[in-house]
């Protein structure tokens, strides 16, 4: 009697629960579908709750800590644990705010996923994104952590986001120190890039 019940329960599980581990591309596709489903209809007002929900979906797969640590390079080991926490939190808040501000872009974007590659211990997912007729090559560098795929860098038209932040962070730190960088990030996106 127990065997048929167990078989019925297994059949009731979603197909993804029975399949092999999700690929990096599948994780990105799932995130894209979730973002689109959470977006309000075009022309409708975006509530703060909706904005927060979309920001959370967009950034949940991003390993903000890894991006900040890479952008800081050798300086990461030179700052205190308290500074690290403040820096990661400020960067994450900035990243969320910036990522969640382009609702129309997410609605109208077409994404073509190209075959994954393994490079330098990471899985790289090249995509071609078309927004309002303009193509952009976006490559996601990802790694698996705790069974979930996380984005550790985003390369847009050949330019690494982490490398851009490394350059920006170094410039600010050389003039204002780490506390100046943290203060700039904590102020929010209206102050421009750090």
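The values are calculated or read from the model by the stated rules, or taken from the named source; none is laboratory data. Note that the coordinates shown come from a computational prediction; the quantities given were computed from them, not determined experimentally. For neighbour counting, all protein chains shown are included, and Cβ atoms are generated from backbone atoms with ideal geometry for every residue, glycine included.
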Quiz prompt | Residue selected from the range 8-46 under the condition in a loop (DSSP other than H, G, I, E, B) and under 30 Å from residue 126 (Cβ atoms), by the criterion modelled with the lowest pLDDT | solution = 14
Quiz item: Just checking, how many residues over the range 129-144 are surrounded by 13 or more Cβ atoms within 10 Å (Cβ to Cβ) and at pLDDT 90 or above?
Solution: 10
Quiz prompt | Residues of the range 34-51 satisfying the condition of being over 24 Å from residue 155 (Cβ atoms), touching a residue at least 24 places away in the same chain (Cβ under 8 Å) and surrounded by 14 or more Cβ atoms within 10 Å (Cβ to Cβ) | solution = 39, 40, 51
Quiz item: If you go through the range 61-104, how many residues are without any contact (Cβ under 8 Å) to a residue 24 or more places away in the chain and either on the phi > 0 side of the Ramachandran plot or within 12 Å of the chain's Cα centre (by Cα) (or both)?
Solution: 1
Practice problem: Say whether the condition of being touching a strand residue (DSSP E or B) at 6+ places or on another chain (Cβ under 9 Å), outside any loop (DSSP other than H, G, I, E, B) and closer than 30 Å to residue 44 by Cα is met by at least one residue in the range 177-194. | Solution: no
Exercise. Show the residue pairs that are 6+ apart or on different chains and have beta-carbon atoms under 9 Å apart, the first residue being within the range 18-33 and closer than 22 Å to residue 106 by Cβ, the second being loosely packed, with under 11 Cβ neighbours inside 10 Å and at pLDDT 90 or above.
Key: 25/115
Quiz item: Within the range 52-60, is there a residue that is touching a residue at least 12 places away in the same chain (Cβ under 8 Å), within 13 Å of residue 169 (Cβ to Cβ) and surrounded by fewer than 18 Cβ atoms within 10 Å (Cβ to Cβ)?
Solution: no
Quiz item: Of the residues that make up the range 172-191, is at least one on the phi > 0 side of the Ramachandran plot and either crowded, with 17+ Cβ neighbours inside 10 Å or free of Cβ contacts under 8 Å to residues at least 12 places away in the same chain (or both)?
Solution: yes
Exercise. Hand me the list of strands (runs of 3 or more DSSP E) wholly inside the range 47-149 holding 2 or more residues that are within 24 Å of residue 37 (Cβ to Cβ) and in contact with a strand residue (DSSP E or B) (Cβ under 8 Å, 6 or more places away or on another chain).
Key: 110-113, 122-131, 134-145
